[in-house]
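Below is one structure, written out as C-alpha cells; the observations come after it.
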Amino acid sequence: MFRNRDVLSILDFEKEELEKLFSITRLMENVAICGTNILEGKILGELFFEPSTRTRLSFQSAMYRLGGSVISLSNILASSIAKGENLADTIRMMEAYSDLIVIRHKIEGAAKLAAEISNIPIINAGDGTQHHPTQAMIDLYTIKKYRGKINGLNIGILGDLKYGRAATSFIYGLTLYNPNKIYLISPESLKPRERVLKILDQKKIEYGLHNDVKDVIDKIDVLYVTRIQKERFPHPAEYEAVKGSYRIDLKILENAKKDLMIMHPLPRIDEISLEVDKTPYAYYFKQASLGVPLRMALISLILGVVK
Ligand code: NCD
C-alpha cells in the first residue's frame, strides 16, 4: 500500500490507508521514546526551498529515531541553486544521494515534478497553497487520538483559507471521513477557492461559509486556526486589509463547548492569544509533537521496513 509510494496530496489516499498509517503511528509513539535502528544505512534527502521549523525538524527527528540519516539542502544560498542550477538537476542529484526525498517549494506542482523526475519516493512537505499532505495526516491523527473519531464532529477552520496549504490540505483530509459539518471561517477575501468547495460538494460534505468565529463558536467540536499567509499575497495592501482581523482569546471561548479542541499547524503569529495556551482547549503543541511518530510511521512504510 505504501511501499515506494510518493506522497503528493492527501487526496491520493483512501481512508483505509490512513487508518493503517495511524495504527503504525500509535506504535511509533512508543518506539520514539527509546529509538530503534530499523533504518540504519538509509538516507533521507531534504530539499527545502521555503522556511520550515516543525516539518523539517520532525522529519529529521523521525529519521534519526529510526536509526537513519539526513542530508539537507536547506541553505539555498550556499548551494548550486544560487549559481542557477535548475530544480530538475537538483532533484536528480538528490536522488543519487538518498533513499527518499522530502521537498518544500513555493510553487504548486513542484513535488509532482520531482516525482516525475525521480525514481525514489518523494514526500511533499508543502508546495504552493494547496498541498501539505503530511500535515493533514498529523491533524487527522491528532483528532482521532484525542476524540476517538472524526465522523460526526463539527469542525471549524479559521483563517487564511485561500492561501493556506495546511488549512486546505486539512479540508481535503476531512473529505475522507464523515464530519457532521465543516464551518469555514475567514475574512471575505480569504475564502476557500472554488475548486476546494467543489470537492466538498462532490464528496457531499455539509459546510458553511462564515466571516466571524463568534457566530459559530458554540457549535464547534474542533477549531483549526491558521495564520494569514502574508508571504503569499500578491499585493501588500491586500494583506494590510485583513491583518489582525481574527483572534481567539478567553472572551470568545466563554461560549465554547467544554471539550472544544483548538488546533493550529503553527507557526502562530497573533491569531491565538497566549493566555489560551494554559487552557484545556489548547491542543496545538500536542499536535506538533505527533509530527515525529507520524512521520516515523510514514517513512517506515514507504521504505518497506514496516508492513
Ligand atoms: C505550515 C506551512 O508551511 O504550510 N507550516 C507547517 O508546516 N506546520 C503552515 C504555515 O506556515 O502557516
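As a length-normalised measure over Cα pairs under 8 Å and 6 or more apart, the relative contact order of the stretch 36-172 settles at 21 percent. Summed over the residues of the stretch 139-254 and divided among them, the accessible surface reaches 43 Å² per residue at a probe radius of 1.4 Å.
Largest to smallest in accessible area, the residues H210, H132, H235 fall in the order H235, H210, H132 (1.4 Å probe, all protein chains included). The sum of -39500 (n - 2.57) across all DSSP H runs of n ≥ 4, divided by the residue count of the chain, sets its helix-only mean residue ellipticity at 222 nm to -11000 deg cm²/dmol. Helix 87-97 and the long axis of the chain differ in direction by around 60°, with both axes built from C-alpha atoms. Stretching S72 away from A88 to a fully extended chain increases their span by 4.1 nm, per 0.36 nm per residue minus the current alpha-carbon distance. Taking only the alpha-carbon positions of the stretch 196-276 and ignoring solvent, what does the Debye formula give for the base-10 log of I(q)/I(0) at q = 0.21 Å⁻¹? Debye curve over Cα of the stretch 196-276, log10 I(q)/I(0) at q = 0.21 Å⁻¹: -1.14. The angle between the Cα long axis of helix 133-147 and the longest principal axis of the Cα atoms of the chain comes to about 50 degrees, rounded to the nearest 10. Within the accessible surface of the stretch 201-297, defined with a 1.4 Å probe on protein heavy atoms only, the carbon and sulfur portion equals 52 percent. Computed packing ranks the peptides 97-107, 20-30 as 97-107, 20-30, most packed first, by mean other Cβ atoms within 10 Å. Could you state the angle between the C-alpha long axis of helix 291-302 and the longest principal axis of the C-alpha atoms of the chain, as a value from 0 to 90 degrees rounded to the nearest 10? So the helix axis and the longest Cα principal axis differ by about 50 degrees. Local charge for F59 was computed over the other residues whose Cβ lies under 12 Å away, with Lys and Arg +1 and Asp and Glu -1, and equals +4. For the stretch 251-307, averaging the sequence separation of C-alpha pairs within contact (under 8 Å, six or more residues apart) and dividing by the residue count gives a relative contact order of 33 percent. Local charge for E254 was computed over the other residues whose Cβ lies under 14 Å away, with Lys and Arg +1 and Asp and Glu -1, and equals +1.
Dipole of the chain computed with +1 at Lys/Arg Cβ and -1 at Asp/Glu Cβ about the Cα centre; of I199, Y141, S273, farthest Cα towards the positive end is Y141. Contact order, relative form, for the chain: 21 percent (alpha carbon pairs under 8 Å, 6 or more residues apart, mean separation divided by residue count). Taking the DSSP bridge list for the chain and keeping only pairs wholly inside it, about 5 percent are antiparallel.
The values are calculated or read from the model by the stated rules, or taken from the named source; none is laboratory data. As the structure is a prediction and not an experimental result, all values here were calculated from the model. When we count neighbours, we look across all protein chains shown, and the Cβ atoms used for this are built from the backbone with ideal geometry, even at glycine. Quick note on the areas: whole protein, heavy atoms, side chains included, nothing else; ligands and nucleic acids left out. Shrake-Rupley method; radii C 1.70, N 1.55, O 1.52, S 1.80 Å.
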